[in-house]
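**Q** Right, I'll just put the structure down here and ask away after.
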Amino acid sequence: MSETKKTDADVTAAPDEREILLRVEGLQKHFPIRKGVLQRQVGAVKAVDGIDFEVRKGETLGVVGESGCGKSTMGRVITRLQEPTGGSIHFEGQDITRLNAAGMRPLRRDIQMIFQDPYGSLNPRHTIGGIVSAPFRLQGVEPEGGVKKEVQRLLELVGLSPEHYNRYPHEFSGGQRQRIGIARALALKPKLVVADEPVSALDVSIQAQVVNLMDDLQEELGLTYVIIAHDLSVVRHVSDRIAVMYLGKIVELADRTSLYEAPMHPYTKALMSAVPVPDPKRRGAKSERILLRGDVPSPISPPSGCRFHTRCWKATEICRTTEPQLVELRPGQRVACHHPENFADQAPQDTVLLSVAREAAELVAEEVLAESAATSAAVAAVAAGTAGDTDAEAAGEAADTATQPEAEVAADVEATAAKTGPGARTAPAAPLRTGEATTEAEADRQDPTDK
C-alpha cells in the first residue's frame, strides 16, 4: 500500500472546529425473534445497542471490530436502509430518525452507501451505464450535457474507460466492479458516503488502488466518509478518527494516532496486538500478541455490566455489575472501561479479579500483564502472587535437587548393611543331586573311567 496521504498533522488540526454533519445518539437496532403459531416475540438480537458518535464535514470515521459486532447494521441504520429500534439520527441538524420513504427521498442525494459485496450489489441484467445512471433516473435529475456523458465522466473519474458504458457486470473483475459501485455512489455528489467494508472482498493489490482512489475523491470532492472494516491496516491508512465496536457497543473512540500508539480499552489493545509488524529485525522475537479467551457472547443475551468482562484479563466485580459509560479521559479519546490501559484506574477500590479474568490472564504474555499491573491494582496483586508462587516452586525444586543425593547415599548404605551385617540372613544352600561333585578336588579324585 502506498504511503499514507493523511498525515498526523491533518488528523490533529483542530477537528472540533469543523461543522458536525452527522450526529448519532443512543442508536439501537434489535431484530425480534419470533416463535410459535402466533409468532410471538420471545427475544431479540441486539445488533446495535446504544451507540453515540458524531462525524464532522470532510473527515473520515473508521469503524472496526470483530465479525458480528454490529458494524454493518450500524451503517445500514444511519443511512436509513433499515429502521432503528431506538435513539436518534441527525443529519445537518435535521432529525431523520423517523422519516418515511417520501421524506427520505430528497436526502438520498446527500447520503449514499458503498456495499460490501461487489458481485452481489450490481444487477447482472443491467449494463454499467444503466447501473450508474439509476440515481439520476430515480431522483429526476438531468445532469448538464446529458446522462450518458455524465456517466462516462464518472467512469473515467474512478479509473474505468468510458467505453465500458454498454458492458455488463460479469465482464469485470472484482476491483473494477467495486469501482462501478463507487461511481454509482458518487453520481449525485453526496455529502456523506458510508462504505461497508469496500475492500474486504478484493486482493491486496486491488485494495490499495481502491483505498487510494477513495482518498483522492475525498480531496477532490470534499466527501465525508464512514468506513466500516475489520482490516486495521486499511482503517489506519484512511481514517482521521476510529471507533472500536464490541457486541453492539462502542468501547473506544479516538483519533488515529492516540488509538494506535496508546489504546485504552483492553479489547482495543488485543486488536492492536494482532496487527502484523513488517519489521525484519523482529524476526524470531517473542510475540506479544494477546489471545482472547473463548468466543464473542451471543447478542441475544449479552453479558451484564461491561460486555467484554467475560474475556478480559482485568475484569473485577464492578465490571460484572456496572456498565461503563463512554467518557473522555484524554482530549479526543473516549473509552468505556473501569480499568483502562495507559491511564489511571477508574475503579481502584476493586482489587480482586474475577475467576474468568484469572483464566483469561493465563493466555496473556507476561510483558502485557506487567503493563496492565501499572494501571490495575487487581492485576498487580495477581502478578505479585504469581511471582511469589513461582519463586516458592523454584526454591522447592532447588531444595529437592540438593537433598536427593544424600538420601540416595543413605539408602545404599542401609541396604548394604542389611545384606552383610551381623544380623544378615543368608539363604540356605540348595540340596545336592546324586553324583554331583561338591568341590574341584573331589572331582579330580574321581575315577578316570567315570570321566
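The values are calculated or read from the model by the stated rules, or taken from the named source; none is laboratory data. Predicted, not measured: the structure shown is a model, and the values here were computed from it. Cβ coordinates were reconstructed from backbone atoms using ideal geometry, including for glycine residues, and neighbour counts include every protein chain displayed.
**Q** Could you run through segment 58-97 and say how many residues are farther than 19 Å from P32 by Cα and of a type in the set (D, E, K, R)?
**A** Adding up the residues that qualify gives 4.
**Q** Only one residue in L253, L292, L247 is in contact (Cβ under 8 Å) with a residue 60 or more places away in the chain and closer than 28 Å to E219 by Cα. Which one?
**A** When all the criteria are applied, what remains is L253.
**Q** Also, quick follow-up: Kindly evaluate Y168 against the criterion of being aromatic (F, W, Y) and over 33 Å from the mean Cα position of the chain (by Cα).
**A** The answer is yes for Y168.
**Q** Further question: Taking R137 as the residue in question, decide whether it is assigned to a helix (DSSP H, G or I) and within 35 Å of the chain's Cα centre (by Cα).
**A** So R137 does not fit the description; no.
**Q** Test Q116 against the stated conditions and say whether it is farther than 18 Å from T224 by Cβ and in contact (Cβ under 8 Å) with a residue 60 or more places away in the chain.
**A** So Q116 passes the test.
**Q** Among the residues that make up segment 311-329, is at least one of them of a type in the set (D, E, K, R), in a loop (DSSP other than H, G, I, E, B) and either surrounded by 20 or more Cβ atoms within 10 Å (Cβ to Cβ) or in the same structural domain as S258 (by TED's automatic domain parsing) (or both)?
**A** Checking segment 311-329: at least one residue is of a type in the set (D, E, K, R), in a loop (DSSP other than H, G, I, E, B) and either surrounded by 20 or more Cβ atoms within 10 Å (Cβ to Cβ) or in the same structural domain as S258 (by TED's automatic domain parsing) (or both).
**Q** Quick check: anything in segment 98-107 closer than 21 Å to A185 by Cβ, out of contact with any helix residue (DSSP H, G or I) (no Cβ under 9 Å at 6 or more places or on another chain), in the same structural domain as A254 (by TED's automatic domain parsing) and outside any helix (DSSP H, G or I)?
**A** No; the residues of segment 98-107 include none that is closer than 21 Å to A185 by Cβ, out of contact with any helix residue (DSSP H, G or I) (no Cβ under 9 Å at 6 or more places or on another chain), in the same structural domain as A254 (by TED's automatic domain parsing) and outside any helix (DSSP H, G or I).
**Q** Within segment 321-344, how many residues are under 22 Å from V368 (Cβ atoms) and of a type outside the set (F, W, Y)?
**A** 13
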